[in-house]
Amino acid sequence: MAEANGRLVHLVDDDEAIRRSASFMLRTSGLVVKTYASGVELLDQAKDLMAGCVLLDVRMPEMSGLEVQQALRTRGVHLPVIVMTGHGDVTVAVQAMKAGAVDFIEKPFEKAVMLAALEEGFARLERSGRVAARAEEANARLEILTPREREVLEGLVRGHPNKTIAYDLEISPRTVEIHRANVMTKLGVSSLSEALRVAFAAGLGESDPAS
């Protein structure tokens, strides 16, 4: 199904004619479209939204597109957003881009422009999916480390030499070397840089004040 490939578009516009015409254009281009008559309707389903791009009108009653965009982020929904603007809405479009929108397109739409913006959105979605997959894999690999091996790896992530790690953990440098070798073996890596890549992919050290 198209949804499984991430080729789903969440189309949000209070104008029924726009929803109909844009939906037809997108469906004939091979995309799956789900429509919403307002930002509130989209947000009501935020926690269950399938992966895809959000095509969002900026001028709507109840909540503007910018407010909806912010509300999605607040709720932890980080799907790519392309905003739809009328003429003279450049300032609003710039605000949307600063808030993380992939692109903005002006009404009336040109099919090629809309599809190009969505293509960039899907590419961004794919990249974030790969990052999430790498993080999941890296975390699974770190789970097989003992607590002490993980502490040694955390010391390496901070850029500390073996002697410093040994001092901090109150163990001998030789013991650090043994744990370090075990870390490399368990992670299936042959160099410190590879071990660090796994650690960084898992988010290790992100909140460390010294990092």
Any idea of the accessible area per residue across the chain, 1.4 Å probe, to the nearest Å²? 55
Whole angstrom only: what separates the Cα centroid of the range 132-188 from the Cα centroid of the range 67-127? 42
Based on the Cβ-Cβ distance of Arg134 and Asp14, what FRET efficiency does E = 1/(1 + (r/R0)^6) give at R0 = 45 Å, to the nearest 0.05? 0.70
Loop-only trypsin sites (Lys or Arg not before Pro) in the range 30-102, please: DSSP not H, G, I, E or B, and at most 13 other Cβ atoms within 10 Å. Arg75
What is the mean projected area of the alpha carbon convex hull for the range 54-211, to one decimal in square nanometres? 12.3
Electrostatic dipole magnitude of the chain [Cβ: Lys, Arg +1; Asp, Glu -1; Cα centre; debye, to 20]: 640
Can you pull the one-decimal nm distance between simple spin-label points at Met25 and Thr175, each 7 Å off the Cα toward Cβ? 6.7
Could you sort 113-126, 19-32 so that the peptide with the highest average Cβ count within 10 Å comes first and the rest follow in order? 113-126, 19-32
Could you check the simple spin-label distance between Lys107 and Val189, using points 7 Å along Cα→Cβ, in nm with one decimal? 5.1
Give me P(r) over the range 1-137, computed from all C-alpha to C-alpha distances, binned every 5 Å, as integer percentages. 2, 11, 22, 26, 22, 12, 4, 2, 0, 0
With each run of n ≥ 4 DSSP H residues scored as -39500 (n - 2.57), what mean residue ellipticity at 222 nm is computed for the chain after dividing by its residue count and rounding to the nearest 500 deg cm²/dmol? -17000 deg cm²/dmol
Note on the chain: helices (DSSP H) long enough, at least 20 Å by alpha carbon along their axis, and hydrophobic enough, mean Kyte-Doolittle at least -1.0, are 111-142, 173-187
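The values are calculated or read from the model by the stated rules, or taken from the named source; none is laboratory data. As the structure is a computational prediction, the values presented were derived from the model and not from experiment. Every residue, glycine among them, receives a Cβ derived from its backbone with ideal geometry; neighbour counts consider all protein chains shown. Side chains included, ligands, DNA and RNA excluded: accessible areas come from the protein's heavy atoms. Shrake-Rupley method; radii C 1.70, N 1.55, O 1.52, S 1.80 Å.
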